[in-house]
Amino acid sequence: MTASANLANLLALFAIAPLCAAGGSLLIPRFQLLPRLHTHSLAALLAGVVNLILALWLMAWTVQGTHLVLHVGGHHGPFGIVLVADVFSALLLLLTAVIYLGAVPFAIDVLDQRDRMGFYPLSLFLLMGVNGTFLAGDLFNLYVFFEILVITSFVLVTLGGQRDQIRGGLRFVVLNLLGSMVFLGAVAVAYGTLGTLNIAHIAVLLRQPGLPAWLAPMMAGLLFVAFAGKSALFPLHFWLPCSYHTTHPVVNALFGGLLTKVGLYSLFRLFPLLFPEQLASWQPAFLTLAGASMVVGTLGGLSGDTIRRALSFQIVSHIGFIFAGLALAGARNGVLAVGLAPAILYLAHHMVVKTAVLMAGGAVELELRTGRVVPGPDGGTGGLLAHRRWLAIWFFLTALSLAGIPPFSGFTGKLGLLHLMVSMEQWPLLAVAVLSSFVTLYMIMRLWQGAFWGSSPVRHEGGPATGPARLGPGFGMLTLTPIAVLVGCSLLMGVFGESAWSVANQAAATLTDVETYIDSVALAGHLADVGH
């Protein structure tokens, strides 16, 4: 079922709304409205609210089985720009909206005068890029939205102008630009051989006889390298722990929840649709990369010398969990949709919880004015429990969800993945996954002990330190509330696990229903021969 063209026109607002808000915040003079609210932050808040309303509307339509398709300007494929939305893209757009709307008040509370000058318009450009990636129906515009992400992210990485930020930003942009070049190579191969970049049309043409035998493997390989690098999958992960922890805490949280997920989204979208044979035949290599990502991320988290560096390494480990679901999905006929469902559920969990735990870790670093909180022989060194009880509670709860402890969302998704590994008899991967989960729990609890246990620091009053440690100037409810809301979302996803599984199964089915995707974009039949 395809919605009317007038309704589908609203898809364009996912790019237009943040773009207009970003442009408006740059053109409108910046002046203070309230003690912590100015015109730029107000524009970001309003755009975030509009984006959330649009995402809720889209989710309500797509869960009914609707595919929303917008041929921009009325130009149909294969050469027109097309935006496509189904349950999977609507789910990620909704999670993106929740994360962004939580990041804005967090930023209002913790950004200092210099950093906040450029954050809000840049974050809106980032939102536009993420939204566009989840809706793009052709490879070229997928590439364009990825480039918007890379350019915006490079500026956000270096926001503050510190030496470590510049160094981390250079690593970030170099590998991402290399990934973009590989992606562009895949686009060139597709257009040069098939004469189209429309994803649905490519799916039609790749099933036609007479194509070169090397075409599908080459396109799949190039796209995999590009998206694996952007997802921080081993061995293309090293840019993430080298750059994420150098950013401002609010940027770190926004990146942790969103950036690597656009690469994973592209892998989940394109491989079942375009390259199911490669997904099955390359399964041993994919499983090896997934397990290696779990190991490297877990060990890196243990060796992290600051809270956010340890948590950034943990992103790599959880990318391995999510990618393992995609790799297992290609095992045999009839298993594809089943394998994708737990991976999608774990992807949704990770977007929410990783943002929350990075916000909490960033708040700890801002409060203690250091991220080095490794526990000593007498317990913790931070001693924040006396001053920040609610922050201690939220940090503890995010740790439980991240490690997969019930009743949080981490348990629901991880149990599904572990069950899938058992059913596929992937015993080495199962052992790595279970061990990684226990080590993750130990690492987070160790960070919690170091940050909140021990002797209580002295509140900063503007004068010299009068105790063993001195706290920063502190933060307010705008910092704690987004963390609490995201923890609540994780809890709801765990308690109402049946509903969460239903959405995940529906999203998995849309990814593997190639015929419905093609028909919804109106490319079946009469366009099958275009481009030869």
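The values are calculated or read from the model by the stated rules, or taken from the named source; none is laboratory data. Values in this document were obtained by computation on a predicted structure and should not be read as measured data. Here Cβ is always computed from backbone atoms with ideal geometry, including for glycine, and neighbour counts include all displayed protein chains. Each accessible area value is taken on the protein alone, full model and side chains, heavy atoms only, with ligands, DNA and RNA left out. Shrake-Rupley method; radii C 1.70, N 1.55, O 1.52, S 1.80 Å.
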Consider a paramagnetic label point 7 Å from the Cα of Phe438 along Cα→Cβ; state which residues of the stretch 305-319 have an amide N under 20 Å from it.
314, 317-318
Taking R0 as 41 Å, what's the FRET efficiency between Leu56 and Leu299 from their Cβ-Cβ distance, rounded to 0.05?
0.55
With the other protein chains left in place, how much accessible area per residue, in square angstrom, belongs to the stretch 269-332 at a 1.4 angstrom probe?
25 Å²
Can you give me the angle between helix 163-194 and the longest principal axis of the chain, using Cα atoms only, in degrees from 0 to 90, rounded to the nearest 10?
10 degrees
Whole-Å distance, taken between Cα centres, linking the stretch 426-452 and the stretch 133-171
30 Å
Each label sits 7 Å from Cα toward the beta-carbon; between Glu147 and Leu46 the label points are separated, in nm, by 3.1 nm
Rounded accessible area per residue of the stretch 71-212, 1.4 Å, Å²:
33 Å²
Counting Lys and Arg as +1 and Asp and Glu as -1 over every other residue whose Cβ sits under 13 Å from the Cβ of Leu223, the net charge comes to +2
Return the calculated 222 nm mean residue ellipticity for the chain, to the nearest 500 deg cm²/dmol, obtained by summing -39500 (n - 2.57) across DSSP H runs with n ≥ 4 and dividing by the residue count.
-24000 deg cm²/dmol
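What is the percent of Cα-Cα separations in the chain that go past 37 Å? Working shown, then result.
Values: 37074 of 141246 pairs.
Tail of P(r) above 37 Å: 26 percent of Cα pairs.
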Sites Leu215 and Leu178, calculated FRET efficiency, Cβ-Cβ separation with R0 22 Å, nearest 0.05
0.45
Taking the Cβ-Cβ separation of Met445 and Ile166 as r and a Förster radius of 25 Å, what is the calculated FRET efficiency to the nearest 0.05?
0.15
Quick one: what does P(r) look like for the stretch 249-295 with 10 Å bins over all Cα pairs, in whole %?
22, 39, 29, 9, 0
Given Cβ point charges of +1 (Lys, Arg) and -1 (Asp, Glu) and nothing else, what value in debye, to the nearest 20, does the dipole of the chain about its Cα centre take?
1260 debye
Per the 1.4 Å probe, what fraction of the accessible area of the chain, in percent, lies on carbon and sulfur atoms?
69 percent
Quick one: 3J(HN,Hα) in Hz for the stretch 428-437, Karplus 6.51/-1.76/1.60 with θ = phi - 60°, rounded, Gly and Pro as x.
x, 5, 4, 4, 5, 5, 5, 5, 4, 5
